[in-house]
Amino acid sequence: MPLGKALDVIVVGSCMTDLVSQAPRLPKAGETIHGHKFFIGFGGKGANQCVQAARLGAESAMVCKVNHKSQWLTIVTSSISSTFYQTSNAATGAASIIVNDAGENAIVIVAGANMLLNTEDLKDIQASLSRAKVLVCQLEISPQTSLKAMCMAQESGVKTIFNPAPAIEFLDEEFYKVSDVFCCNESEAELLTGCPVSTVDEAEHAGQNLLARGCGAVIITLGPQGCVVLQAKESTSKHIPTEAVKAVDTTGAGDSFIGALAFYMAYYPTVPLEEMARRANRVAAVSVQTMGTQISFPFKKHLPSALF
Ligand SMILES: Nc1ncnc2c1ncn2[C@@H]1O[C@H](COP(=O)(O)OP(=O)(O)OP(=O)(O)O)[C@@H](O)[C@H]1O
Ligand SMILES: *[C@@H]1O[C@H](CO)[C@@H](O)[C@H](O)[C@H]1NC(C)=O
C-alpha cells in the first residue's frame, strides 16, 4: 500500500507478534510447566515507537515487512496514520516471551520477514520520506536497510533518530554520521563504547565517546534516572532527571521515550533538545506505570497540557 497523505514521522523498522506467557518460573531445558496467563500483543521496536508518536498526535507511518496473510495488515493500520508494508512468504516476526512471577523474562525473537525489508523496497517510499519531518530507525531489521533509509533522509534534510537496538558491538561508523540524534540505553552504550554505564557521570563519559563519532546529539536513557543529553554544537552534557513513579512494567519504556522524542522533533522543532528529552521522560514515566508494552503508551488526551 503506497503512502498517500503527508506524513511527518516515518519509522522504517520492525513489527513483531508478541506471544506472552506468564508462569511462576522460567522452564528448564526439556521441561513443560503450567503458566497462568497468555496473551498476544503487537510489538517490535519500530512499531512501538511509531504507535507512541501517533498517540501523541503525530501523522505517522510505519514501513515494514510482514507475511502476506498477516493480521498486521489490518491491526497496524488502525492505530497509526499509514503503513507501507511489503509482504513476503516468510513469517511475520514473532517474539516468544515467558515472564516469571518475579518479572524476569526469557525471550526468543524470530525476525522472519523483518529481515527481508531491503534497500530496493525503500525506493517506493522515497517521495514520502523526502517530505517527512523525522525518520526513526532501529536494528531489528537489516542494518543496511536502516542505514540506507537514514542516508536518504539526511540527503533530503529530514531529521533522523537512530536507536541502535538490539545492540551490536561493531556498528558501521556511518550510522553515527547520519544520526541527528543517536538514542540508546545503558547496556547499548556500554557495548558500543566498552565503558561501564550505570551512573550519570559514566553515561556522560560514554556519551562524549559516541558524540565524537559524528552524530549531532546523543541521548542515553537511564531508566529511573532519566537520561543524559549531549549536543555536538554546544559541547555540553546535561543530565535530565525524571520524576519518581511506581514502576509496574518497564517493558517498552525506551520505545515510548523515542516515539515521544520523534513527535517533539517533528512538531516542536524550535524547543531545545533538553526540553524535548524532559517531556519524553514524562511520557515514558506514564508508560511504566501500567502493564504491557504498546497498551501502556499514553495518548495526548491523558497527558498534562504543559507537554504540548
Ligand atoms: N522506573 C522508572 N521511573 C520513571 N521513568 C522511567 C523508569 N524506567 C524508565 N523510565 C523512563 O523511560 C526511559 C527509558 O527507560 P530505559 O532507559 O529503561 O529504556 P530501555 O532500557 O530501552 O527500556 P526497556 O525497559 O524497554 O528495555 C527513561 O529515560 C525514563 O524516562
Ligand atoms: C536496553 O535495551 C535492550 C533492548 O535493546 C534490553 O535488552 C536491555 O535490557 C536494556 N538495558 C537496560 C539497562 O534497560
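The numbers here are math on the coordinates, done by the rules we state, and not lab data. Model, not experiment: these values are computed from the prediction. Glycine also receives a Cβ, built like all others from the backbone with ideal geometry; neighbour counts cover every protein chain displayed.
Among beta bridges from DSSP that stay inside the chain, the antiparallel ones total about 40%.
When the alpha carbon gyration tensor of segment 186-271 is reduced to an equivalent ellipsoid, its three semi-axes come out at 20, 18, 12 angstrom, largest first.
Beta bridges assigned by DSSP with both partners in segment 34-170 are antiparallel in approximately 35 percent of cases. Our note on the geometry: Cα centres of segment 16-63 and segment 246-288, 20 Å apart.
Across the chain, C-alpha contacts under 8 Å between residues 6 or more apart give a mean separation that, scaled by the residue count, equals a relative contact order of 17 percent. For every other residue with a beta carbon closer than 13 angstrom to the beta carbon of residue 120, add +1 if it is Lys or Arg and -1 if Asp or Glu, then tell me the sum. Result for the local shell: +1. Each residue, residue 233 and residue 250, gets one label point 7 Å from its Cα in the Cβ direction; the gap between the two is 3.2 nm.
Summing charges over all other residues whose Cβ lies under 9 Å from the Cβ of residue 92, with Lys and Arg as +1 and Asp and Glu as -1, gives +2. Length gained on full extension, residue 108 to residue 168: 19.9 nm, using 0.36 nm per residue less the C-alpha separation.
What order, most packed first, do the peptides 135-141, 47-53, 289-295, 98-104 have when packing is the mean number of other Cβ atoms within 10 Å of each residue?
The densest-packed peptide leads the list: 47-53, 135-141, 289-295, 98-104.
The order of the peptides 118-125, 253-260, 198-205 by mean Cβ neighbours within 10 Å, most packed first, is 253-260, 198-205, 118-125.
Kindly identify the chain as rounded, prolate or oblate by the Cα gyration tensor criterion: order the square roots of the eigenvalues as a ≥ b ≥ c, call it rounded if a/c is under 1.5, otherwise compare a/b with b/c, prolate if a/b is larger, else oblate. Verdict is rounded for the chain.
Reported to the nearest whole Å, the Cα centre-to-centre distance from segment 142-165 to segment 80-119 is 20.
With a ≥ b ≥ c taken as the square roots of the eigenvalues of the C-alpha gyration tensor of segment 134-212, please select rounded if a/c is under 1.5 and otherwise prolate if a/b is larger than b/c or oblate if it is not? Prolate, because a/c is 1.5 or more and a/b exceeds b/c.
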